[in-house]
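Participant: Below you will find the structure I want to go over with you.
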Amino acid sequence: MMTFDQARQHPNYGKIPADLLAELYNYVENHDKVTPFLRAVLYNDPVGAARVGSAAELSALKPLVAFIFVEVPAGCYGSQQTVDEWLRVITWTAAKLKRFKVAYQAAGLAGSDTFVFDDNEFVVGYAKYLIEYLESLFSTHARA
């Protein structure tokens, strides 16, 4: 997939609003959730996209669809099932780990056995070890 800056400079893809393109990149690279408009486009639901899209989004629909078809990995668009499976994958970042730790601590204070983070349910006992593991990964990468 071309870089964000390359896409912004492209004669057709440059017509896609920067915030919409950034949202798509975050979806592909980090498995982040998307707005209803982009979700409808990724689902291959043009009626849904037309129903929820703003004027700016709808005017960028043709270059957006072309960009998705040519640049975006096929495993993350095309149907609701494909998109939902893509969103279930958790890509960990330091910021996401920090938010996860807050959710974990809140569950512990509440005496809960489980908690939900980014629409995924976690067992508190398992989360403790996941946090330790991820912290070790991020500290190793920070030293490298």
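A short reminder: the numbers here are calculations on the coordinates, not readings from a lab. Not measured: the values here are computed from a predicted model. Neighbour counts are summed over all protein chains in view; Cβ atoms, including those assigned to glycine, are modelled from backbone coordinates with ideal geometry.
Participant: Under a cut-off of 16 Å between alpha-carbon atoms, report the lysines in cross-link reach of LYS62, not counting same-chain residues fewer than 8 places apart.
Facilitator: Answer for LYS62, where 16 Å is the Cα cut-off: LYS15, listed by chain and number.
Participant: Go ahead and estimate [θ] at 222 nm for the chain from helices alone: -39,500 (n - 2.57) per DSSP H run with n ≥ 4, summed, over the residue count, rounded to 500.
Facilitator: When only DSSP H runs of four or more count, the value is -19500 deg cm²/dmol.
Participant: Right, here's the next one. To the nearest 10 degrees, how steeply does helix 94-110 sit against the main Cα axis of the chain, on a 0 to 90 scale?
Facilitator: With both axes taken from Cα atoms, the answer is about 50 degrees.
Participant: Which of GLY14, GLY75, GLY111 moves most in a GNM of the chain, Cα contacts under 10 Å?
Facilitator: Comparing GLY14, GLY75, GLY111 in the GNM, the peak value goes to GLY111.
Participant: How far is helix 124-143 tilted, in degrees, relative to the longest principal axis of the Cα atoms in the chain, given as a value from 0 to 90 rounded to the nearest 10?
Facilitator: That works out to roughly 70 degrees.
Participant: Here is a further query. Please compute the contact order of segment 4-88 in relative form: average sequence separation of alpha-carbon pairs under 8 Å and at least six residues apart, divided by the residue count, as a percent.
Facilitator: It comes to 32 percent, rounded to a whole number.
Participant: A further question on this structure: Normalised by the number of residues in the chain, what is the relative contact order in percent for Cα pairs under 8 Å and 6+ residues apart?
Facilitator: Rounded, it is 19 percent for the chain.
Participant: Still on this model: Using the number of other C-beta atoms within 10 angstrom as an exposure proxy, rank LEU109, LEU58, LEU87, LEU24 with the fewest first.
Facilitator: Fewest-to-most Cβ neighbours within 10 Å comes out as LEU109, LEU58, LEU87, LEU24.
Participant: Further question: What is the P(r) of segment 4-88, as percent of Cα-Cα pairs per 5 Å bin from 0?
Facilitator: So the P(r) values, bin by bin, are 3, 16, 29, 28, 18, 6, 0.
Participant: Straight-line reach from LYS128: which lysines fall under 26 Å, measuring Cα to Cα and dropping same-chain residues less than 8 apart?
Facilitator: LYS33, LYS96, LYS98, LYS101
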